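Here is the structure we will look at, set down as structure tokens.
The values are calculated or read from the model by the stated rules, or taken from the named source; none is laboratory data. Remember, it's a predicted structure, so these values are computed and weren't measured experimentally. Positions of Cβ are generated from backbone atoms using ideal geometry, with glycine treated the same way; all protein chains shown enter the neighbour counts. For accessibility, only protein heavy atoms count, side chains too; no ligands or nucleic acids. Shrake-Rupley method; radii C 1.70, N 1.55, O 1.52, S 1.80 Å.
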Amino acid sequence: MTSSFHRYSGRTSRAFLLLVGLGFAPAAAHSFSPHGNKHVWLNQQKVSVSGTVLDDNTHQPIAGVTITAGGRPLTTTDNQGRFTIQVDAGQQVTFQSVGYEPLARKWSATTTNASITLHSSDQKMEEVVVTALGIKREQKSLGYAVSKISGQQMTDATPSNWVDAMKGKVAGLNITQASSGPLNTARINLRGDRSLDPTKNEALIVVDGVPLVNGRFSSGVTDAYGAGSSGADKDIPVDFGNGLGDINPDDIESISVLKGAAATALYGSRAGNGALIITTKSGKRNGKGIGVTVNSNSSFQNVLKWPDFQYEYGQGNLERNANGEQYYSYDLTEDGPSTRSTSSAWGPKFDGQMFFQYDPELETTGTERTPWVPYKDGVKGFFRTGATYMNSVAFDGGTDKFTARTSLTHTSNKWIMPNTGFERLVAAFNGSANLSEKLKINFKANYTNKSSDNLPGTGYNNQSIAYFMIFQNPSIDLNWYRPRWKKGKENLEQIHPFSSYIENPFIIAYEMTNSLVSNGIDGMLQGIYTFNPKWELMLRSGINMRSDRREQRRPWDTANFPKGYYKQQDLFYMESNTDALLSYTDKLSEDFSLRASLGGNVMKRDMKEDIGVARGLISPGVYKLSNALTNAVAENKLIKKEIQSVFGLVNLSWKDKIFLDVTARNDWSSTLPANNRSYFYPSVSSSFVLSDLMPMPSSVSFAKLRLSWAQVGNDADPYSTSKYFETSIFPGSAEAPSVLHNENLKPEISTSTEAGLNLAFLNNRLTTDINFYYNRSRNQILTVPLDVSTGFSKALINGGLIRNQGWELSVSGTPVKTENFQWTATANWSKNDNKILELTEGVETPYQIIASSGSGAAEIRATIGGSTGDLWGYGLVRNEHGDVLIDASTGLAVRPTDKVKIGNAYADWRGGLHNEFRYKNISFSFLLDGQYGGIVYSQTHHKMTEQGKLEHTLKGRETGFIVGEGVVDNGDGTYRPNTKEVAINTWYGDYYRRANMETNSFDASYLKLREVRMEFGLPKSLVSRWKMNSASIAFFGRDLLMWSDFPMYDPETAALNGATIMPGVEMGQMPSTRTFGINLRANF
Amino acid sequence: MKIKHISIALLLSAMVGLQGCTKNFDEINTDPNKVENVTPSALITPTVYGMSTYFTVRSNDFTWEIMQTGLANPSAANGVHRYYFTETSGDGTWNTCYRYLRNIREMESAAATSGQDVYKAVATTLKAYIAGLLTDSFGDVPMSEALRAEEHVSQPKFDRQEQIYADMIKALETANTLYAGEDVMNGSDLLYNNKKELWRKFNNSLLLRYYLRQSKRIPAAAKIKTILDNPAQYPIFTSNEDAAIVKITGQSPYDYAWGRRQDYVNFTAMAEFFVDNLNALNDPRRPFIMTEATEMVNGKPVKIGYKGIPAGHSGDLSAYKFNPSTPNGDLMYPEAVGTPIQEILMPYSEVEFIKAEVYLSLGMDAEAQTAYEKGVRASIEQYGGKVPADYFANEAAKFNGTLERIMLQKYLGLFMVDYQQWFEYRRTGYPKLPKTPYMFYNGVMPTRFMYKNEVRRFNPDNYAKAVEQMGGDDFHTKVWWEK
């Protein structure tokens, strides 16, 4: 079911723009110059060449580079990257090293100081990638899609949450955030939502082989829409960040994005949605003693986009005086009764007239009339220029027995909202020791300390600044709020001289604080024992620990907390993983080689949450639990879980041309009932290097076909299999459970099939990767609705079948490549199609509400044949010609009785385009990315329209009336045009009412200039004079430009419902930022 | 090779060992936070608070409008005061009643396990209170097979209202005898603080309410008179102190029913019908309930006494040159949080008005007058008001031997009591509410809510049967006792 969709302007133009933006590929293909040199050198004179091979980014020497001439290996570089060779003059010499593009050079004369720089390869065929369990594999041997992001790509234009740096760089990677402040927690999704449970669709993050605690922990409020809610906690969600955001981008060596289940079967259930395998930097044996890298990054943020506020009419609700003119009067004056309590801007036009207005000195009506003028800084002036400073120093070095790297990074962030931001210190150590020929030890420890005096509350409720931005009137000076408290009434009576719904924004920023102290430790100890070249045993134990201390303060005299409120929330989270892996590698024959592994894993998880709440304070402004009005309430929660696993894998290869991987895993999960506790899932994947198997046109330098099939199982949430009473907020009380437990839950199984083709042309100058996947998830563990007359409102069941299928395409090319200048371009594009094939077996449920916000105004409903991103709500009622029906008596749009599908939260497709230009030591790059399709429902648009705050509400102001565009039903099958006048405030309030999802939803397509970077490497002469290896200065920008029809701040948004991020809904959004920065890097 | 064999053996035994370790999984998967069993008293307070809070808000949102006590202002179109009902108008009532009946089911079972008769009785009283609201709002509803999903009854049948009434009355009679037993109450009890003699009075007062409600179908006067004549056997409410009124302090967890004071006060006007009747009585309840209306005189607002606007108006109030009376926030959300307010399950005055009606029907006019006056006094005093000495001298207040007079005062006495005004209007047709041309259904008041939409999908066969036995699932379908 579709309903015709309300937009500001057409969608076609947006598509065109995106296509133009991404349409570089065909154009670039034409600019290739013929490659290869056809000269024949008859002169067979030998020349001697010596020199150094350097990494083009780090300018570090590269050891072990293989140098070949005429297909014959000559030598490899030493620890300082040095080499000396004897070759025929004019003969092609190739330099090759894992992780770098091969480079060919020729010399006609003896050279002593040759400087060879190798360019690290991004998506090249010989590349080594880190796969599940930290096993390094050559990309060509993999039967599934892996995308790699280098650490440098993450720091090119460092955002305050490094996750943002992945945007636009990987096909199929989808990052959703709620515009929730400086930490802006991300929901990372690969290849679409597989589960009807919105919390179960995120990718697993693995750091150096150990899964990371990426969990978000709700601050205790589960709906971003909370205004007017009753009950104990009338607060808003706060984004306190998650473990993922705390990784230090400077410590990242590379990220492998394993998109499908085949890649991740070995991580078990949690990797069913794909995985991001992060490898951190380790020490290098550079033989020159200790290497020191200093990096300093400063960036500044301002607001990217504002809605179109109107500044022509001020506060009021069409009040007229005896002469029938619109007037304003703060209090009852000779001009008329007070008009100050409305939050709407349906008041008089700013015409140079004078009214009795608020006087901040008197804290009430002024004694004189003052000019009626707009304050354009009434909202915008509240925000400041944000700043993020990130400074790091890293030491690394090693001997042939021992290597280590240690780094210290300090980040301080002042966000654009006053008195918000955070500070973070990350200390990392990564060491590796060869204790003997046979035993190698790897050790890693990471300490993270993150703190904030205040993180902004998000969502739509009195305590959020988003709420203030909606309610602030154009005729009100922001400065009137600055004193915060009335004179002599400090902490007792706030200054909010207009509607009592609006909290003073400076009280929100400075007194309604949400503070955080978080300490985290991640550590890993790994031993690898090589019995002989064939047998190897790896043992590893990793731990991930985090403790958060959060505080939320709410002063007296605020709308939701007349007597204040104070909450402490202490969180402890620990997960340990212990793995054993025994591997056997052998060449079975001349052509066949084999690697087989058998392993086991024990995962233990332990979480504890302690909450102490003072719901009301005896003394205002004293935030201690002992100051609680009634006894402070303590709540705690303990969650434990354990999974034990056994797994095996076999990798077979034939002549390095055909590869076959088979994996199998069996899990035992504590969360499932005893008889269903054990579940098994296998995978098969294969890779065919077509370019080695069959003759190819000479332009094709590499071709590979991938095929894979995999299953992955998943368990339930803890404590789902028995009946428990709900804890009650009343002393000595409990309540009957609302969810019917299930003693017979089975594990979920999702099955994916994938096929991919990898092609390289013109000596790898142009590479493409195309991928198709098909995934079905069944037996999902779901809570389905029951009618409450059965005694439960929900039941836990196994059910549902969801299909995701899609395409991923990436193209990378080097259109121009000369000695001094190089242009590389990379584009990626992805499309996912998500469809629900079954809901619940045996139960007739035409739909199921997956998520909802705005008091039910926006719902994600799962229907058979629909998608897990379908947004449902009330629309307009239309006749068969598509005209909007108007009620003849009221002149307002007729209200429908049923909700309809208004649109889908998911993009039709996404794409990114990265271009890099390099001239000698200067490089310039930019990244464009965008999405086409998808809609966002905007609560802010509804409310700002209802209150006359937006430019589009200027229509009808002169007369005060609107005749709604539409028709009236004559009752006999005919219609007549509507002629009924409706007061503008009534019209806008009704047509754009919260529950009208259609009029408040917008196309979420966008194109962003995501990153721009200009880097200057300091000249070699200068660098060496200062005894440095390399040094560079870079200027960068993030999110500099945005093209979108979305009328609010940013279409990249979502609702933060506690710990769940609900896509497709904007619920009290804060402005997004544009960043300018500078980065200084020196390496000694 | 030896090492190889040893390590494989070690690894394999480790794997086998793993499986052995899953023995403690049952313990790991036992929730350390929540209890698996409860005492029956644990369910009283959440149920009482939840029901009273929900229905206090509903009385304001729904009963005020349909019974012309107050209405949303502005209200350009639709609204319950114009009898605008939607398919989902009754969803919250359905959900809330069953949600708390679920607690009662657990209370019954916990009381049976522990053998505490008094809690069996409390469960019965609360169940009858909730089930009565449910069946009076919808008609036939699932009851005997309801709340039994654990026993795999996922599609409960709808019981006839006649049967539900019979069962409720029988259960209340039994509970009355259980209260007379030796058991004491000793848990959390927000309503009566473990005074079981008050629970017994509530039980028997509900018995009066339900006997009377079905009186069109089953003669009730004689039965009620038996109860009234035997106060030792059937103690009932005799003062406001006995009444089933929940005192709420506004201090967590006992929050007021509304999230913010503004949510109760703003965008609501008192209705002309309600205010005019109180004005005619020169009634001392007015200042507790509402503010005075104001009018602009020379640019200044001047108080003009209590004045409402008509319910079911055209949408255009420009002819009304005054700001109508609005709800007095102090009644439900005092400025000084911590001040107790009252949420009413059943007021004492209702019992006196039941007596008055029954005595009147039995021709015992003197007893009827006494009860009538006691009812009016009780209602005024319930607010902390004082009855003026000349109150009953007023022609409008004087007992005149008509049911209409009793029902008008009962209507005023049932202010803020869930849907009782609406039920009583449907039973008696009193008070006589003005009709306007802007009301839907030609001004014929809806007599029930439609079943919750989902029920049609989740329980289609039983739904179809219920529609058949009810004679439809419409806003104007009459429930059994109203026919």
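Heavy atoms of chains B and A lose about 6700 Å² of accessible surface on contact, summed over both sides with a 1.4 Å probe.
Computed over protein heavy atoms with a 1.4 Å probe, the carbon and sulfur contribution to the accessible area of the stretch A:743-897 reaches 53%. For helix B:91-114, report the angle its Cα long axis makes with the longest principal axis of the Cα atoms of chain B; keep it between 0 and 90° and round to the nearest 10°. Taking the Cα atoms of chain B, the angle to B:91-114 is about 60 degrees.
Give the shape of the stretch A:165-209 as rounded, prolate or oblate, defined through the alpha-carbon gyration tensor: a ≥ b ≥ c are the square roots of its eigenvalues, a/c under 1.5 means rounded, and otherwise the shape is prolate if a/b is larger than b/c and oblate if not. Verdict is rounded for the stretch A:165-209. The stretch B:136-158: which residues show an accessible-area loss of 10 Å² or more, assembly versus chain alone, 1.4 Å probe? So the qualifying set is B:LEU147, B:ALA149, B:GLU150, B:SER154, B:PRO156. Net charge in the neighbourhood of A:LEU871 (other residues with Cβ under 11 Å of its Cβ; Lys, Arg +1, Asp, Glu -1) is 0.
Across the stretch A:903-1003, counting alpha-carbon atoms alone, Rg and Dmax equal 22.2, 78 Å.
Using just the Cα positions, wrap the stretch A:829-920 in a convex hull and report its mean projected area in square nanometres, one decimal place. Show your work: numbers first, answer last.
Working: hull surface 47.8 nm².
Its Cα hull, projected and averaged over all orientations, spans 12.0 nm².
Distance from the alpha carbon centroid of the stretch A:309-358 to that of the stretch B:200-225 works out to 58 angstrom. Relative to the longest principal axis of the Cα atoms of chain B, the long axis of helix B:460-470 lies at roughly 20 degrees. First compute the accessible area of the stretch B:68-114 with a 1.4 Å probe, then give the percent of it belonging to carbon and sulfur atoms. With neighbouring chains kept in place, the figure for the stretch B:68-114 is 52 percent. Across peptide B:244-254, the average count of Cβ atoms from other chains found within 10 Å of a residue's Cβ is 4.
When the other protein chains are added to the chain by itself, burial of at least 50 square angstrom of heavy-atom accessible area (probe 1.4 Å, ligands and nucleic acids ignored) affects these residues of the stretch A:724-744: A:TYR724, A:PHE725, A:PHE730, A:ALA734, A:GLU735, A:ALA736. Measure nothing but the geometry: give the 0 to 90° angle between the long axis through the Cα atoms of A:12-22 and the longest principal axis through the Cα atoms of chain A, rounded to 10°. Taking Cα atoms only, the helix is inclined about 30 degrees. At a threshold of 30 Å², the residues of the stretch B:423-462 that become less accessible to a 1.4 Å probe in the full protein assembly than in their chain on its own are B:ARG457, B:PHE458. Taking amide hydrogens as placed 1.01 Å from N in the peptide plane, the amide H of A:ARG861 sits under 5 Å from those of A:ILE850, A:ASP870, A:TRP872, each at least 5 positions away in sequence or on another chain. Here the relative contact order of chain A, from alpha carbon pairs under 8 Å that lie six or more residues apart, stands at 12 percent.
Each 10 Å bin from 0 upward holds the following percent of the Cα-Cα pairs of the protein assembly as shown: 1, 7, 13, 18, 18, 15, 11, 7, 5, 2, 1, 0, 0, 0. If Lys and Arg each add +1 and Asp and Glu each add -1, what is the summed charge of the other residues whose beta carbon sits under 9 Å from the beta carbon of A:TYR144? Residues close to A:TYR144 contribute a combined charge of 0.
Remark: mean inter-chain Cβ contacts per residue of A:559-565 equal 4, using a 10 Å Cβ-Cβ cutoff to other protein chain atoms.
To the nearest 20 debye, what is the magnitude of the charge dipole of chain A about its Cα centre, counting +1 on the Cβ of each Lys and Arg and -1 on the Cβ of each Asp and Glu? Don't skip to the answer; put the middle values down first.
On the way: 109 positive and 107 negative charges, 728 e Å.
Computed charge dipole of chain A: roughly 3500 debye.
Carbon and sulfur atoms: what percent of the 1.4 Å accessible area of the stretch A:62-114 do they account for?
Details: 1170 of 2630 Å².
About 44 percent, which is the carbon plus sulfur part of the accessible surface.
For the stretch A:1029-1084, the solvent-accessible area works out to 24 Å² per residue, with a probe of 1.4 Å and every protein chain left in place.
With the other protein chains left in place, how much accessible area per residue, in square angstrom, belongs to the stretch A:545-658 at a 1.4 angstrom probe?
40 Å²
Quick one: order B:ASP461, A:ASP1050, B:ASP229, A:ASP1045 from most to least accessible surface, probe 1.4 Å. If you can, show how the numbers build up before the last one.
On the way: B:ASP461 105, A:ASP1050 5, B:ASP229 80, A:ASP1045 30 Å².
Largest to smallest exposure gives the sequence B:ASP461, B:ASP229, A:ASP1045, A:ASP1050.
In the protein assembly as shown, a dipole from Cβ-located charges (positive for Lys and Arg, negative for Asp and Glu) runs towards its positive end, and of B:GLN233, A:THR68, B:ASN95 it is A:THR68 whose Cα lies farthest in that direction. Of the peptides A:471-484, B:393-406, the ranking by mean beta-carbon count within 10 Å, highest at the top, reads A:471-484, B:393-406. The helix-only estimate of mean residue ellipticity at 222 nm for chain A, built from DSSP H runs of length n ≥ 4 each weighted as -39500 (n - 2.57), is -1500 deg cm²/dmol after division by the residue total.
Order A:540-546, A:253-259 from most to least packed using the mean count of other Cβ atoms within 10 Å. Present the calculation step by step, with values, prior to reporting the outcome.
Values: A:540-546: 20.1, A:253-259: 23.9.
Result, highest mean Cβ count within 10 Å first: A:253-259, A:540-546.
Centroid-to-centroid, using Cα positions, the stretch A:171-194 and the stretch A:759-811 are 16 Å apart.
From helices alone, chain B scores -14500 deg cm²/dmol at 222 nm; the rule is -39500 (n - 2.57) for each run of n ≥ 4 DSSP H residues, then divide by the residue total. Pairwise inverse Cα distances across the stretch A:1006-1075, averaged and inverted, put the Kirkwood hydrodynamic radius at 15.5 Å.
Applying the Karplus relation 6.51 cos²θ - 1.76 cosθ + 1.60 with θ = phi - 60° to the stretch B:39-49 yields 3J(HN,Hα) values of 7, x, 5, 4, 9, 5, 4, x, 5, 5, 5 Hz, where x marks Gly and Pro. With the charge dipole of the protein assembly as shown set up from +1 on Lys and Arg Cβ and -1 on Asp and Glu Cβ about the Cα centre, the Cα lying farthest toward the positive end among the listed residues A:THR339, B:MET51, A:LEU537 is that of A:LEU537. With a cut-off of 13 Å between beta carbons, the residues surrounding B:ARG261 carry a summed charge of -2, where Lys and Arg count +1 and Asp and Glu -1.
Using the 1.4 Å probe convention, the accessible area of the stretch B:283-425 works out to 38 Å² per residue with neighbouring protein chains retained.
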